[in-house]
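Q: Please find one structure pasted underneath; my questions will follow.
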């Protein structure tokens, strides 16, 4: 359930524009049909840098928040309830057993103007572009982290992927991705998969032109050419990213008003949350996402004080998140290759205490499985690990380390960013493992890109991780543990299954769930797979998160959701309210 709290604060509203909007008032300039207003630059800060803006290498949330405004796929998600909506496809048909999906594309859609095109003018999008971009998902090259999306699902994906490894790509690309005509595409699957539309909402399935890939190659990480409501104007890494409204965007609202309403979006990259909050209070930012605990207390305190005054409010939005924070353990390397070690660690960590005292009630203890509370998913019947120091000691002794004797000192790797929360949780876990198991843990904090590189390439043994749903389905979480994603060599990058967990019984349940058309039966199979992974202590879930953000009161059409999925297409400012 959503909680919306109105907070009053006396602060001068000082706005900073960008590019052609420098010095321009950040409020609305023109009233359109339905009372919406045009104009203004939405200003937001990120405390972490992005790694890549290329759709097949968007593996962290900062990049997604930027590129979701620039690129589009065949479908997208509703920002409020996360249902699937048309995007580049106006409509579609699905056959009876959900093995074939036919998409009818919008006509007259243009790619952003870019120097990759003749005379720098964006051309019209068509079905061949869909074929090109989706075939790329199934090609083997370092910048593609997304083959797992189509692997063992789309017909011919494996054959085409292998042909690119062999440097002899099949002439027709992926067999199951077919161009019917200029505005019709058909995608055939190897088996029934009712959740495939949700997968197509993922960033891996965004459409970009061949000209962009041919021109920029790996430099597409900072050269974006899409069809979305905003296009890239400026990128200064670690400093700012500026998006401007796409003048050729096809979209209109229910009243016929041309979209988007905003003039642009400006991302800054100030690393300190306190500085970020101060800028928000000055009016120099239009939203703040994720506040450290002490700041949330201060903000709530301001609410109480504000009841006595009449100042303009800002808004605090809090929703349960479709995300889980967990500790990863490298199951292919000692000491975590022993299931009893992993079970000992799970029993030794008091998740309720972490949520109650360290997080002061923010989030919910992850005493079930890897999948967070989810509509229609019976997560409560996944039995996880309750805090039990005696059982922890028993399992560690069974693994050959009585009272921690002989257990190697290990490093808990965490990423920078996220305020002090990551460090605080790591320190509590460090203390619990020492007190309950006699295990010595040191903490190492790395910049986010290096953190990801280490855990994906098997260089990290024990690390802090989190997964925010890419699309609203339990499969997206359990995919993290599917054995088919694990490469043969420990040094080969394993993005999606970084813990390299493999259990054929889990894989069987997971594959049965993928093929089940009935959603209730499908979710039950996923629950069973979740339980198998819990019994193997494949990960160490800590808590199911919640999304907290502050927005200025004049920000309209910007609802919060469980995925923190942001679509700025219809966001507008109403400063007169």
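Coordinate-derived values only; no laboratory data. These figures come from a predicted structure and were not determined experimentally. Positions of Cβ are generated from backbone atoms using ideal geometry, with glycine treated the same way; all protein chains shown enter the neighbour counts.
Q: Would you work out if the range 321-546 is rounded, prolate or oblate? Take a ≥ b ≥ c from the square roots of the eigenvalues of the alpha-carbon gyration tensor; rounded if a/c is under 1.5, else prolate when a/b is larger than b/c, oblate otherwise.
A: Rounded is the answer for the range 321-546, as its axis ratio a/c remains below 1.5.
Q: Hull surface divided by four, with the convex hull built on the Cα atoms of the range 71-222: how many nm²?
A: About 9.4 nm², averaged over all directions.
Q: Per DSSP H run of n ≥ 4, the term is -39500 (n - 2.57); total these for the chain, divide by its residue number, and report the mean residue ellipticity at 222 nm rounded to 500 deg cm²/dmol.
A: Per the formula, -7000 deg cm²/dmol.
Q: Just to verify a number: FRET efficiency for residue 248 and residue 115, C-beta to C-beta distance, R0 = 22 Å, to 0.05?
A: Computed FRET efficiency for residue 248 and residue 115 comes out at 0.85.
Q: If you don't mind, another one. How big is the gap, in Å, between the Cα center of the range 314-376 and the Cα center of the range 143-193?
A: So the two Cα centres are separated by 35 Å.
Q: Also: If packing is taken as the mean number of other Cβ atoms within 10 Å per residue, what is the order of 379-387, 108-116, 404-412, highest first?
A: 108-116, 379-387, 404-412
Q: Per residue and in Å³, how big is the convex hull formed by the alpha-carbon atoms of the range 223-304?
A: Taking only Cα atoms, the range 223-304 has a hull volume of 139 Å³ per residue.
Q: Here's something else I'd like to know. Consider a paramagnetic label point 7 Å from the Cα of residue 427 along Cα→Cβ; state which residues of the range 337-360 have an amide N under 15 Å from it.
A: So the set is 354, 357-360.
Q: Calculated FRET efficiency, residue 31 and residue 181, Cβ-Cβ r, R0 51 Å, to nearest 0.05?
A: 0.75
Q: Still on this structure, I have one more. Using a Förster distance of 45 Å, how high is the FRET efficiency between residue 80 and residue 405, based on the Cβ-Cβ distance and rounded to 0.05?
A: Computed FRET efficiency for residue 80 and residue 405: 0.25.
Q: Gain in length, residue 95 to residue 394, computed as 0.36 nm per residue apart minus the alpha-carbon separation, to one decimal in nm?
A: Length difference between fully extended and current span is 102.3 nm.
Q: So, one more: Order the peptides 217-225, 252-260 from the highest to the lowest mean number of other Cβ atoms within 10 Å of their residues.
A: So the peptides 217-225, 252-260, ranked by packing, come out 217-225, 252-260.
Q: Follow-up question, since we're still on this one. Give, as ranges by residue number, the residues of the range 443-467 whose backbone N falls under 11 Å from the point 7 Å along Cα→Cβ of residue 332.
A: 456-459, by backbone N distance to the label point.
Q: Sticking with this structure for a sec: With a 10 Å radius around each residue's Cβ, average the other Cβ atoms per peptide and rank 344-356, 448-460, highest first.
A: Peptide ranking by packing, descending: 344-356, 448-460.
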